[in-house]
Structure formats: C-alpha cells, structure tokens
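Participant: Here it is: the structure, laid out below.
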Amino acid sequence: MSVIQFNAHKKYHVLQSRTRVWETHNDLTPHYRIIFVRTGEGHFSLDGKLYDYVENGVILLSPGQHPIFQEDSSAEIFVIAFDTWLSEDFLQKKEFSPDFADIYKQAEHLCDSVRLTQGKPLPNERDAQTIIYLINQILFEVTQQPTSHNKLIRGSIDLIVTILARNNFETKKVEEEVGSQNLAESIIGYLREELHQNKNIRVPELLMRFHISEDVANLCVLNQTGMSLRNFIFKYKADLFKSRMLKVDISELTAYLNPAGKREPHLSV
C-alpha cells in the first residue's frame with residue numbers, strides 16, 4: 001500500500017500509511033491528531049504506558065504526543081491532523097478560516113479530554129461503521145476527485161469529529177454514573193458498619209471522611225434508597241433495633257436498600 005497524503009493549507013492534514021511508515025511523519029506531532037486503525041492489531045506505547053490496538057480502534061493525540069507502534073507490517077492507519085497555527089489566538093484563527101476553526105476547537109477539546117479507550121473501537125457500533133464509511137469517502141475524494149473534493153473532505157472530517165465527541169461524552173456520562181453509584185454504596189456501607197457497631201453517626205465526620213458536601217451525600221443516598229442522609233440513618237437505626245428485638249435478619253426490614261428487588265448479602269446481627 002502506498003502512502004496517501006493530503007494537506008489543506010494551515011487547516012487539516014490527512015495521512016494513510018503503515019504503522020512503520022508513521023515514524024517518518026514527525027511533522028504532524030505539533031498538531032492535534034486522530035488515528036484510526038484500518039487493519040492490524042498489536043501494541044503501542046504512549047506517554048510511558050502500553051496500550052493494545054485493534055482494527056477500527058481510535059487513538060486521540062494532543063500536540064507533542066507520539067505513539068510508538070510495535071513493528072507490524074500488516075497494520076494500516078488513517079490520520080487526521082488539525083493544524084495548530086494561530087491556536088493561541090482563536091479569534092484570529094476564526095477570522096482566517098471560520099469553518100475550520102470550529103472543527104479545530106471541537107477536536108482540541110476531544111483530544112484534551114479523552115474518555116474513550118485508546119486503541120479500541122467506539123462503543124457505539126453504528127457510529128463506528130459510519131466513521132469507516134466517511135474515511136473511505138475521504139480517501140476516494142483525495143485520490144479520485146481533484147475538483148470539488150476539499151469541501152467534501154472538510155464535511156466528512158466535521159462529521160467524524162462530531163461522532164467522536166458524542167461517543168466521548170457518552171463515555172464520560174457512564175463513568176460519572178458509575179462513580180456516583182460507587183460513592184453511594186461506599187457511604188451506605190460505612191453507615192451500616194458503624195451502626196452495627198452501635199456507634200454514633202456524626203454527619204460532619206462522615207462528610208470529611210468522603211470529602212463531600214452534605215448536598216452531595218444527600219443526593220447519593222437519595223438515589224440509592226429514596227431517603228435523605230439523615231432520614232436513612234434514623235430509619236436504618238430503627239430497623240436494626242427492630243431486627244434484634246425480633247431476632248430476624250435486618251435484610252427482611254430494609255427493602256429500601258434493594259429498590260429493584262435485587263437480593264444482595266446483608267450484614268448479620
């Protein structure tokens with residue numbers, strides 16, 4: 001496969017090559033780049049860490065970052081680089097090229113706030129297939145349509161960046177939801193452990209322990225149990241006392257800990 005390269009003056013750069021040829025294109029390093037793995041799989045190092053890459057994987061790079069791929073004669077990559085010229089003065093960049101400046105800004109935010117797994121395909125399979133189609137369209141325009149290809153290439157790149165940004169945002173939302181769930185479970189686990197040891201719960205101490213505000217603690221416990229933090233402490237303490245009096249497992253009295261009916265192991269009394 002021969003190297004395919006296209007440059008739009010002070011805007012974007014397009015490159016398709018084998019990974020071993022990639023090492024000779026250090027001129028793209030000062031720019032924001034998106035790498036798509038067209039074929040092949042293996043490993044690459046980036047900022048001292050080792051990652052896996054597979055076919056249709058995506059790698060997002062900020063200026064100065066340069067992945068080193070293992071020697072793999074079958075691996076083929078497609079690179080879109082966004083020229084950082086005038087990046088320190090966005091208004092001037094906007095004046096120079098209004099359409100490209102907007103795409104650039106979106107790509108800048110994407111590459112500086114990576115949530116996607118480097119080297120892996122997009123989690124949304126439909127979006128992944130759409131990007132493959134757009135890349136093929138760009139390559140066709142570069143090699144076969146020299147007359148009006150610039151606008152079509154720019155439009156395809158714009159769509160690719162938008163799709164990646166959407167998937168990056170969705171990944172961030174999932175991470176935040178998982179983080180919130182883990183925090184709620186940690187708070188409730190701590191409260192239950194303390195109450196089972198007949199300790200007094202001091203809310204300020206709990207907030208300091210988890211480095212959160214009372215509003216955050218209330219929201220976490222509310223989402224998990226349907227009660228505020230203080231109401232949960234009062235309710236669980238009462239149910240714990242009742243379970244000991246009746247000599248039953250407290251899980252029989254705390255359905256609010258399993259709002260979806262999911263059974264989980266509970267502390268014994």
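The values are calculated or read from the model by the stated rules, or taken from the named source; none is laboratory data. Bear in mind the structure is a predicted one, so any value in this text is a computation, not a measurement. Glycine also receives a Cβ, built like all others from the backbone with ideal geometry; neighbour counts cover every protein chain displayed. To get the accessible areas, we keep the full protein, side chains included, count just its heavy atoms, and leave off ligands, DNA and RNA. Shrake-Rupley method; radii C 1.70, N 1.55, O 1.52, S 1.80 Å.
Participant: Where residues in the stretch 193-240 are within 34 Å of the chain's Cα centre (by Cα) and under 17 Å from Ala255 (Cβ atoms), which of them is surrounded by the fewest Cβ atoms within 10 Å (Cβ to Cβ)?
Facilitator: Per the criteria, the residue is Gly226.
Participant: Ok, one more. Taking the criterion of being touching a Cys at 6+ places or on another chain (Cβ under 9 Å), within 23 Å of Ile103 (Cβ to Cβ) and surrounded by 20 or more Cβ atoms within 10 Å (Cβ to Cβ), would at least one residue in the stretch 17-32 satisfy it?
Facilitator: So in the stretch 17-32, the residues touching a Cys at 6+ places or on another chain (Cβ under 9 Å) come out as 32.
Remaining after also requiring within 23 Å of Ile103 (Cβ to Cβ): 32.
Add one more test, that the residue is surrounded by 20 or more Cβ atoms within 10 Å (Cβ to Cβ), and what stays is 32.
Taking every residue of the stretch 17-32 in turn, at least one turns out to be touching a Cys at 6+ places or on another chain (Cβ under 9 Å), within 23 Å of Ile103 (Cβ to Cβ) and surrounded by 20 or more Cβ atoms within 10 Å (Cβ to Cβ).
Participant: Taking the stretch 243-257 on its own, how many of its residues are open to solvent by 100 Å² or more (accessible area, probe 1.4 Å) and either under 19 Å from Ile201 (Cα atoms) or assigned to a helix (DSSP H, G or I) (or both)? Give the derivation first.
Facilitator: Filtering the stretch 243-257 for residues open to solvent by 100 Å² or more (accessible area, probe 1.4 Å) gives 245-247, 252.
Now restrict to residues that are either under 19 Å from Ile201 (Cα atoms) or assigned to a helix (DSSP H, G or I) (or both): 245-246, 252.
Here the count works out to 3.
Participant: What do you reckon, is Leu50 free of Cβ contacts under 8 Å to residues at least 12 places away in the same chain, in the same structural domain as Pro123 (by the TED database) and in a strand (DSSP E or B)? Give the steps one after another, and end with the answer.
Facilitator: On the way: free of Cβ contacts under 8 Å to residues at least 12 places away in the same chain: yes; in the same structural domain as Pro123 (by the TED database): yes; in a strand (DSSP E or B): yes.
Here the answer is yes, as Leu50 does meet what is asked.
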